[in-house]
Amino acid sequence: MKGNNLWKMGGILIIILILVGVLFFSQNKENREVIRIGYLPITASLPLFIAQEKGYFTEQGLNVELVKFETSNQVIDSLVREDISVEAGTSSFVTLTALQTESNSIKVFMVNSFTENSSISSLIINENSEIKEVQELKGKKIGSYPGSTMKTYTRLFLEKNNAFDENTQIIELAQNLQLPALSSGSIDALLTLEPTPTIGEFNGISKVLISAPIETDVLTPWVAGTFSFNSDFSKTDNSKKIEMAFSKAVDFMRENPKDSKKFFIEYTAITDESLADKVPLPNTLKKGEINKDEFQEMSDLLLKEGILTKRVEVNLIIED
């Protein structure tokens with residue numbers, strides 16, 4: 001009898017352990033899943049780089065995979081398809097464009113916002129170029145990023161400065177091809193984003209013709225980038241943990257600007273710390289800091305210019 005009781009107690013103990021294991025597995029399954037985060041290799045994505053390298057995702061019990069893309073269109077397409085769960089620093093124009101037809105597909109939790117005094121864009125020319133005024137670019141070849149976003153902004157800037165006509169060509173170039181194209185003379189100027197202007201000047205390839213062209217003549221302030229979840233992921237507990245990790249990264253960036261710049265090196269075209277020191281930090285705003293009215297004004301301007309075809313209610317796309 002005593003032996004039978006021991007067997008019964010052992011069986012009960014085994015059942016309890018199995019139940020505990022199942023409960024533990026169900027509670028932690030979400031955390032063990034790989035969370036794919038899409039990004040562009042530009043300075044605007046710095047909070048992601050900091051969060052990854054400082055271990056802020058690991059602190060939240062998350063397993064993340066960083067996925068590099070070449071254009072914002074690719075990032076947002078992947079986010080809407082749910083190939084990735086999070087995007088970091090993607091063009092807000094592309095985000096808004098997707099939301100015209102997929103109104104519930106994306107939830108924004110941070111943005112990058114720039115002004116003339118806190119800018120990311122520059123119009124640069126070859127170091128040996130004799131161009132003095134932006135109007136001299138009319139009828140010439142102007143480089144820009146691939147995709148609809150920067151090509152549109154480049155055209156708007158040139159038009160507003162009487163530097164665009166039917167002979168002007170806007171050439172779409174991947175970031176790694178931009179400075180070589182400018183150096184070789186295959187383009188006459190380049191409207192680009194950091195860190196490309198700083199790299200070009202640092203290496204004696206280029207010089208700045210116009211600082212902050214977008215922030216000055218196209219959109220002020222320019223809510224240039226978004227950090228977003230796809231809709232399904234935004235409803236999970238892990239989305240809150242991702243947001244906490246990014247928030248901690250933004251705090252680090254603000255409190256340690258010089259140390260933050262070293263994280264450019266692995267993820268962007270910046271090659272060393274002396275160059276990184278010269279690159280400006282992105283102006284990243286957390287969810288509670290986003291001025292929704294300014295974001296809406298930007299969206300409405302894009303609608304007025306015919307760039308967007310449908311009004312996007314910004315208030316509805318900011319994550320609750």
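Bear in mind that the values in this text are calculations on the coordinates, not laboratory data. None of the values given here were measured: they were computed from a predicted structure. Please note: Cβ atoms are built from the backbone with ideal geometry, for glycine as well, and neighbour counts cover all protein chains shown.
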One would report the antiparallel percent of DSSP beta bridges in the range 121-217, rounded to the nearest 5, as 60
Can you tell which of A163, I205, M150 lies farthest toward the positive end of the dipole of the range 121-217, using +1 and -1 charges on the Cβ of basic and acidic side chains (Lys, Arg; Asp, Glu)?
M150
Would you mind computing Rg(Cα) / (2.2 N^0.38 Å) for the range 52-186, counting N as its residues?
1.28
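Given the Cα-Cα distance of E159 and S184 and 0.36 nm per residue of separation, how much length would full extension add, in nm?
Full extension from E159 to S184 adds 6.4 nm.
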In whole Å, what are the Cα extents of the chain along the three principal axes, biggest one first?
102, 44, 32
Label-point separation (nm) for T220 and N315, each offset 7 Å from Cα along Cα-to-Cβ?
2.7
Selection of GluC sites (Glu not before Pro), the range 121-229, meeting DSSP coil and at most 15 other Cβ within 10 Å:
E127, E130, E133, E166
Among beta bridges assigned by DSSP with both residues in the chain, the antiparallel ones amount in percent, to the nearest 5, to 60
For the residue pair E127 and D251, what label-to-label distance in nm results when each label sits 7 Å from Cα along the Cα-to-beta-carbon direction?
4.3
Inter-label distance, nm, simple model (7 Å from Cα along the C-beta direction), V67/E289:
2.8
Which parts of the range 97-139 would a label at S211 reach, counting a residue when its backbone N lies under 16 Å from a point 7 Å out along Cα-to-Cβ?
114-125
For the range 141-150, Karplus-derived ³J(HN,Hα) couplings (6.51, -1.76, 1.60; θ = phi - 60°; whole Hz; x for glycine and proline) come out as 9, 10, x, 7, 6, x, x, 6, 4, 5
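Can you give me the Kirkwood hydrodynamic radius for the range 121-217, using every pair of distinct Cα atoms, in Å to one decimal?
12.8
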Could you list I106, I318 in order of exposure, starting from the residue whose Cβ has the fewest other Cβ atoms within 10 Å?
I318, I106
With a cap of 15 neighbouring Cβ atoms within 10 Å, and only residues DSSP puts in a loop, list the trypsin sites (Lys or Arg not before Pro) found in the range 142-241.
K235
Hey, with R₀ at 22 Å, roughly what FRET efficiency would E297 and E102 work out to, going by the Cβ-Cβ distance, to 0.05?
0.45
In whole Hz, what ³J(HN,Hα) sequence does the range 171-178 give by Karplus (6.51, -1.76, 1.60; θ = phi - 60°), x for Gly and Pro?
9, 7, 9, 4, 4, 6, 9, 5
Tabulate in residue order the Karplus-calculated ³J(HN,Hα) for the range 257-262, using 6.51 cos²θ - 1.76 cosθ + 1.60 with θ = phi - 60°, rounded to whole Hz; enter x for Gly and Pro.
x, 5, 5, 5, 5, 5
